[in-house]
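As structure tokens, the structure follows; a few thoughts come after it.
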Amino acid sequence: MSSDKKRVQFRAPHRLIDRTDALAAVLGEDRTDILVTALREYLQEATHDDALIQEIAAAYYDEQISFEELKALVGAEEAANLRVLKQQLDEDFIDEIADA
């Protein structure tokens with residue numbers, strides 16, 4: 001895991017933070033560790049959801065996210081597959097325009 005860290009600040013419901021603090025106390029960890037673990041697990045699960053992967057792919061095809069962002073979300077292999085598909089789609093579009 002990279003040692004590069006980025007500081008973030010967000011607002012959350014008091015009850016959620018209270019539960020986080022209680023779990024941190026039980027586990028002997030700090031709040032940040034609990035939140036980072038929860039976020040990591042959520043992202044891991046979310047990127048295995050077919051509907052979400054389609055949304056991510058659409059964002060990449062529409063150039064809303066970069067290839068590096070795509071790779072960070074879906075992994076290198078899936079990102080490479082989506083890049084090839086995007087290139088094929090672009091070539092097909094060019095062919096359609098040329099034939100028109």
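Values quoted throughout were computed directly from the atomic coordinates according to the rules given, and no laboratory measurement underlies them. This one's a predicted model, so the numbers in the text were calculated from it and none came from an experiment. Backbone-built Cβ (ideal geometry, glycine too); neighbour counts: all protein chains shown.
Does any residue in the range 62-79 that is under 14 Å from Leu52 (Cβ atoms) come within less than 7 Å, Cβ to Cβ, of a residue that is hydrophobic (A, V, I, L, M, F, W, C) six or more places away or on a different chain, and which pairs are these?
What qualifies is Ile65/Ala59; Leu70/Ile56; Leu70/Ala79; Leu70/Leu82; Leu73/Ile56; Val74/Ile53; Val74/Ile56.
Keeping to the range 41-63, report how many residues are within 9 Å of Val74 (Cβ to Cβ) and of a type in the set (A, V, I, L, M, F, W, C).
Residues in the range 41-63 being within 9 Å of Val74 (Cβ to Cβ) and of a type in the set (A, V, I, L, M, F, W, C): 3 in total.
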